[in-house]
1. Based on a Kirkwood Rh over C-alpha pairs, give the Stokes-Einstein translational diffusion coefficient of the stretch 161-304 at 4 °C and viscosity 1.567 mPa s in µm²/s.
2. To the nearest 10 square angstrom, how much accessible area does Cys341 have with a 1.4 angstrom probe?
3. Please give the FRET efficiency for Ser72 paired with Leu419, using the beta carbon to beta carbon distance and R0 = 25 Å, rounded to the nearest 0.05.
4. Quick one: order Phe423, Phe266 from most to least accessible surface, probe 1.4 Å.
5. Within the set of other residues whose C-beta is less than 14 Å from the C-beta of Leu32, count the net charge using Lys and Arg as +1 and Asp and Glu as -1.
6. Stretch Ala235-Arg94 to full length: gain in nm at 0.36 nm per residue minus the Cα-Cα span?
7. At a 1.4 Å probe radius, carbon and sulfur cover how many percent of the accessible area of the stretch 77-155?
8. Over the stretch 90-191, consider all pairs of different Cα atoms and compute the Kirkwood hydrodynamic radius from their mean reciprocal separation; express it in Å, one decimal.
Amino acid sequence: MSATETPAEDPTGKRGEHGKRNFTFPSALTVLAVVTLAVWLLAFLVPSGQYDRNDSGAPVQGTYHRVDSGQSFADRLNDLFLSPVNGLYGIQDRTTSLVAPDNVGALYGSAGVFLFVLAIGSFITVVFATGALDRGIGLLAHRLRERGALLIAGVMAVFSVLGTVEGFAEETLGFYGLIVPLMLALGYDRMTAVGVIILGAGVGVLCSTVNPFATGVASSAADISLGDGIVLRFAMWIVLTGVTVAYVIRYAARVRRDPERSLSGFLPGDRDRERAAADASEAPELTRLHKAVLVATALVFTFMIFSVVPWSSALTGDADATPYGFELGWSFPQLAALFLCAAVLVGLVARMGEQRLSSTIVQGAADFVSPALVILLARGVTTIMNNSKITDTVLHSIEGVVKGTSSGLFAVIVFVVNLPLAFLIPSTSGHATLAMPILAPLADFAGVPRAVVVTAWQAASGWMNLWVPTTAVTMGGVALAKVGYDRYLRFVWPLLAVLALLICGFVAVGAAMA
């Protein structure tokens, strides 16, 4: 069924003409459950192996050897059984690198992100309960009712800057409660909001210029400066960001002209925001209480951004720069606490009362449990890969593919062969740490600057993380926006094709001009 054949007010598409039941794509939770089982079965077929590691933990080229994973069928079955638990609070053993909930070592699971999503749910629900956000969105929609494209471009540009500078990705999960209602009030659909958030930040990460978590880690692993190749990466960022913004604006304009062409459809009440904004002859009035709540909300999100940016690395271009005294270096545990405290503060400012405030916080967390579960399931997939020791085998196969090629072709191959690896390792820093010590030395034999390899690698990682079901940013985002994952794929695939062609062109030219 085409997008135009699905009724705009029925996003499920469960019944078509004559009342017949049509195929409905599984939910995000079901998709990840299938992916988990598929990866678990794949681990039986792919031989386990590993590279020798140097003192920093990086694999040493030419040292790959087959090893016995040491896992019995019962062990593998236990990994599958515990994958959601490991995805939440699995601990990676310092000696064996295996992940299990009762190990002693570093946290491997996504407990911090899980709690962050629940805290965001509580905060946003409390803010909406005050009525301030509805009024504020209505006022903004009224003032920008003829300039929606400018708003989309501005928000995407900000997200892209944050993505290219400091890897702004998971943090975008906190913005769905603000962007989705705003896009609906402007006459767009939920897919427009998803495009603004996921693609805006994602294209910035894809074209990371000084992002210490992607470019910084990869450059260090490749034994080059973070500034090497920045001209190529900056040019990519300008072009790809422009193309991505234009793509989302074009889709949004099409939906605004003809809502029937929406790929996400509209849930009950979605169109009411637009009609209310269109029918309003005057801008909604904001009381002093509404203004206070909106100011508090803006300050909370501004502080969130400030608290996570590694300012010294971003401003100096040195991944190992000493942090400035004002840097907080917060991560998801601190952000979860921030939004819980902010929810209480907003409730007190709005004089909600203890009973209402408590119930609203609990309800908000409950409403966000589904996307939170998506995040831990996505992380659980990687624990299966880690424990079965097949990641290094994949790396070894890549090592054999890229040898003996021309410079331009080599750069394109580096991009292509990193695509499946990015699927298996959604973490950019983890992907860089494992892959770059192998791929960078291979560049010397092809006569290609290592900086081009870094650019091709991070482009592959960023391109895959725009759509793969193992990344919390995508799966959590579509769940928060209440958009079907299959609908999102239909929306994004033409852009993905264009971006892939542009990336291949940039890295090939960069390698040829070196």
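The values are calculated or read from the model by the stated rules, or taken from the named source; none is laboratory data. Predicted model only: the values in this text are computed from it and were never measured. In this analysis, Cβ positions are derived from the backbone assuming ideal geometry, glycine residues included, and neighbour counts consider all displayed protein chains. Keep in mind that these areas ignore ligands, DNA and RNA; they rest on the heavy atoms of the full protein, side chains included. Shrake-Rupley method; radii C 1.70, N 1.55, O 1.52, S 1.80 Å.
1. 74 µm²/s
2. Roll a 1.4 Å probe over it and Cys341 shows about 90 Å².
3. Numbers: r = 32 Å, r/R0 = 1.30.
Plugging the Cβ-Cβ distance into 1/(1 + (r/R0)^6) gives 0.15.
4. Values: Phe423 55, Phe266 5 Å².
Descending order: Phe423, Phe266.
5. Values: positive: Arg379; negative: Asp486.
Counting the neighbours of Leu32, the net charge comes to 0.
6. Working: separation 141, 0.36 × 141 = 50.76 nm, distance 4.06 nm.
Working it through step by step, the gained length comes to 46.7 nm.
7. Working: 2130 of 3460 Å².
On the stretch 77-155, the fraction of accessible area on carbon and sulfur atoms equals 62 percent.
8. On the way: mean 1/r = 0.0608 Å⁻¹.
After inverting the pairwise mean of 1/r, the radius is 16.5 Å.
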